[in-house]
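Inspection log for the structure reproduced underneath, given as structure tokens.
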């Protein structure tokens, strides 16, 4: 059996092993495959029966050009890179990894918030640049420092990751509000469920943890920002398309939004003309909230289990 991994580098830049997948057949690993050159995608797949992708698109044209393809595994939770409907028509199961980065993304969301509150990296850099050594006082700070105890965090999207973020926020002394399509008892033990308008108007910090669907695309925009508190902090470790980036940049520059921390943007890698690059008080990280070694190992383990289940005739974690 021939197995191909189209874009393995971000999942495994060298600190993990592909052996669990290689045990199933002849394994070919490409660090990267063009996301725009269909001919290259088709060439890299060739006559492979098992195709494993992270962000390389598997379109109808690719599926038609690769008739040996029997199964597609996505090294992620999101599977919008695959034409799952057409794969279903062709009898090709598509599996994803439904839960792997809960702890890592929740932790990273709070890391963005704490950096906004204390500017730890900046102040460390000033010390190494000699500012403290030449300071007439025993201490200094270049930005206002913020305490989170007693403040309110609103979380939009209260699944596993949203709840992980909420637990940490609660540990910091914050009240937590949440919106989610399916309120649960576990969620109620962490947060008070409320409608979106109440969350927007009541929260000192708003964290996005919802999927990107047509109905959520651009949900953070000029109108919803206007309904937020003056000086709100916005965090996004979900998908960049949830935000109208020019509207957020305008709100940051006007001070309506005090600060933002985003780990994803609308087009990745980020374009040089993204308005957030010129906005005030905006932290941008390169889509790394998911990328702890532990999370990536869980992706590897789950993908191997997905493939094992497919070969046994009982596919799991299928999305089509």
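Derivation of every value follows stated rules applied to the coordinates shown; laboratory data play no part. These numbers were taken from a predicted model, which means no experiment stands behind them. Counting neighbours? That spans all protein chains shown, and the Cβs are built from the backbone with ideal geometry, glycine included.
Here is how the numbers come out for the structure above:
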read-out: Gyration tensor verdict on the stretch 1-65 (Cα atoms; rounded if a/c is under 1.5, prolate if a/b is larger than b/c, oblate otherwise); value: oblate
read-out: The stretch 102-284: relative contact order as a whole-number percent, Cα under 8 Å and 6+ apart; value: 18 percent
read-out: Within the chain, helix-based [θ] at 222 nm, where runs of 4 or more DSSP H residues each add -39,500 (n - 2.57), nearest 500; value: -9500 deg cm²/dmol
read-out: Per-pair calculated FRET efficiency, R0 = 25 Å: residue 90 and residue 38 via Cβ, rounded to 0.05; value: 0.90
read-out: Rounded FRET efficiency, nearest 0.05, which uses the C-beta distance separating residue 312 from residue 273 and R0 of 56 Å; value: 0.70
read-out: Relative contact order (percent, whole number), the stretch 100-176, Cα cutoff 8 Å, 6+ residue spacing; value: 41 percent
read-out: Chain lengthening between residue 147 and residue 126 when straightened (0.36 nm per residue, less Cα-Cα); value: 5.4 nm
read-out: Residue exposure sequence - 53, 194, 109 - by fewest surrounding Cβ within 10 Å; value: 194, 53, 109
read-out: Virtual spin-label span in nm between residue 293 and residue 9, 7 Å along Cα→Cβ; value: 2.1 nm
read-out: Burial ranking of peptide ranges 309-315, 204-210 (average Cβ count within 10 Å, highest at the top); value: 204-210, 309-315
read-out: Label point distance in nm, residue 213-residue 170, each placed 7 Å from Cα along Cα→Cβ; value: 2.6 nm
read-out: Ranked list, fewest to most other Cβ atoms within 10 Å of each Cβ, for 216, 36; value: 36, 216
read-out: Cβ-derived FRET efficiency at R0 56 Å, residue 192 paired with residue 24, nearest 0.05; value: 0.75
read-out: Extension gain, residue 60 back to residue 201 (0.36 nm per residue minus Cα-Cα distance, nm); value: 46.4 nm
read-out: Packing-based order for 138-148, 253-263, using average beta carbon neighbours within 10 Å, highest first; value: 253-263, 138-148
read-out: Fewest-first ranking of 268, 215, using other Cβ atoms within 10 Å as the exposure measure; value: 215, 268
